[in-house]
């Protein structure tokens, strides 16, 4: 390699999710770190993808996605979020939805559409680790706003104070990875007013959209027509149907933004896995109850883990959505969160995710002084959760 070569992402390291799963495998630890389900994809979905493969449906799909799948996604969105809108306000699959190779691709493409050199994008820390590299590759810069434990709520006055002439967009994530917090209707209304006032755009990461607990409603950007007119909404079939390895996601946006999105998307992956698109379209059409049952399914998982940890020395933070639970370990160890997760994996046999890598590099030392919080994934079988909790209760 030439000595003059310089990295476009000099501060980026291996993802903490990859790092901790690799460590868990090395030490045969119970892996509650990386966010993937332990249980299998629904049999119906597996049968349908096999049927599609055997039937020879193995060539390119249209770049935007199979029309049947786009239609079924639009129908799901109408059922979930747009029941109060007029037909004129509701999106349609042909113009407003594109199938992507996972939500990460959708996020990357949306960011490339919006961000130009010297633009700023507001993100909220701790943040999913794909946002900032995508912004930087587009020539932009992230404006970081810290969310504070235990509620990890957004202070919108503070957000407005950080908006300047270079601000281009705001990235929101609800239900929020890694904290499990969710945005309220008041949050969305405030955001809508803010972006209209300052002529901004929104990228809404909603991959855990069907996983909200205790009767709380997911406030999708898709419920708010004026906000949606300035937004990309990103979601994930991998999360919804327990098939993260399929890398199937989608993006919804108004006509003008989706037209620009598709220009870039066609040169990133062109199209996504055709048999999976066929299978998911059939799943949405014939078994929509899978989606409506997800919230209760994962709430029960959360409660299994919470109840099993009641006698531990951890302080449990609220989990209102996603399949993650945060634990404060300050009464157990003085190690920083990364060191504690390494120790926990190697010595105790349970792998977790430290939160500090989800903050900017320059803020991590300060974070370590005031925060001792780790993330567990409860998308696991009950016996796995109970076994991990038994170990954690002994600390």
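Laid out as a table, the results:
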| read-out | value |
| --- | --- |
| Filter pass, residue 297 being closer than 21 Å to residue 380 by Cβ and either touching a strand residue (DSSP E or B) at 6+ places or on another chain (Cβ under 6 Å) or in the same structural domain as residue 152 (by TED's automatic domain parsing) (or both) | no |
| Positions within the stretch 345-366 being closer than 17 Å to residue 177 by Cβ and in a helix (DSSP H, G or I), in sequence order | 356, 357, 358 |
| The stretch 34-54, subset in contact with a helix residue (DSSP H, G or I) (Cβ under 7 Å, 6 or more places away or on another chain) and modelled with pLDDT of 95 or more, residue nearest to residue 387 (Cα to Cα) | 42 |
| Single match in 107, 85, 137 (criterion: at negative phi and crowded, with 22+ Cβ neighbours inside 10 Å) | 107 |
| Which listed residue is out of contact with any strand residue (DSSP E or B) (no Cβ under 8 Å at 6 or more places or on another chain) and either closer than 20 Å to residue 147 by Cβ or in contact (Cβ under 8 Å) with a residue 24 or more places away in the chain (or both), from 198, 176, 242, 218 | 242 |
| Candidates 61, 21, 33, 4, filtered to the one that is surrounded by 12 or more Cβ atoms within 10 Å (Cβ to Cβ), in a loop (DSSP other than H, G, I, E, B) and not assigned by TED's automatic domain parsing to the domain that holds residue 126 | 33 |
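The values are calculated or read from the model by the stated rules, or taken from the named source; none is laboratory data. Note that the structure is a prediction, hence the values are computed from the model and not measured. Cβ atoms come from the backbone with ideal geometry, glycine included; neighbour counts cover every protein chain shown.
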